[in-house]
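Notes to accompany the following structure.
Readers should treat all values here as calculations from the given coordinates under stated rules, not as data from a laboratory. Keep in mind that what you see is a predicted model, and the values were worked out from it rather than measured. With ideal geometry, Cβ positions are generated from the backbone for all residues, glycine too; neighbour counts draw on all protein chains shown.
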Amino acid sequence: MHCAVLQFPGSNCDNDALVALRSFQGITAKLVWHQETSLNGFDAIILPGGFSYGDYLRCGAIARFSPIMKALRQAADEGKLILGICNGFQILCEAGFLPGTLIRNRKLLFRCESVILRVEENETPFTNKCTPGQLLRLRIAHGEGCYTADEKTLKELEEYHQILFRYCDNQGELTTAANPNGSMENIAGICNRQRNIVGLMPHPERACEALLGGTDGRFVFESMLSSFAGKEN
């Protein structure tokens, strides 16, 4: 599986994603600058965390106009796997790839800490190596990670099983205390209806080595690799 890691002015988790991806046998990865106009030859695209364009206006609001976004739309329509992490999630929402939006955290606090996620769905290319109800420990680092959507959108996310991850406590309970940013319904990550595009605020690429504190993030990338291998066969 050949992955593109998009770079925008202000991206700061691009190399983290690159190193994490290259730690998997069967995955190759390359940085792609935002001014490129083609994603041909790539099987999956990662939009990493950071502060694209300095987060001016709103997080992801300027990145949506980058030249690479037209190619990203084409890749999405072709069914290629697209993963937006943190700022990448914000960009995907701003550009209309995913519903809803990310706004300032509850109490306007920047949160940098470990969180627990409960896997809600495993019938996706990003979670097929997980089991429903499985708990993952990942890191967050964001000031605008409060997922917000109107009542109709939230209902549709539930109806079409698009909520993949929710913030929870150590027992898997969806509590207010376990929700670091005030996201509606404790939502930490969602997918589109076609299930080839996912956005999440926590960083799986920062949980791929035991030496760095944990390996739960590997479930996401192993799922992507498994899905791609299944298509090849």
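Rounded to whole Å, give me the distance from the Cα center of segment 132-157 to that of segment 40-106. So the separation of the two Cα centres works out to 16 Å.
Scaling against 2.2 N^0.38 Å puts the C-alpha radius of gyration of segment 104-233 at 1.03. Listed by chain and number, the lysines placed with their C-alpha closer than 21 angstrom to that of LYS231 are LYS80, LYS129; residues fewer than eight positions away on the same chain are left out. Here is the list for segment 116-154: GluC sites (Glu not before Pro) lying in DSSP coil, each with at most 16 other C-beta atoms within 10 angstrom of its C-beta, are GLU123. Taking every DSSP bridge with both residues inside the chain, close to 60 percent are antiparallel. Each residue in SER52, SER183, SER114 was given a count of other beta-carbon atoms within 10 angstrom of its own, and listing them fewest first yields SER114, SER183, SER52. Packing, as the average of other Cβ atoms within 10 Å across residues, places the peptides 63-70, 24-31, 11-18 in the order 11-18, 63-70, 24-31, highest first.
So, by mean Cβ neighbours within 10 angstrom, what's the order for 213-220, 152-159 with the highest one leading? Walk me through the numbers before you get to the answer.
Details: 213-220: 20.0, 152-159: 14.0.
Answer by packing, highest mean first, reads 213-220, 152-159.
P(r) tail for segment 193-233: Cα pairs beyond 14 Å make up 56% of the total.
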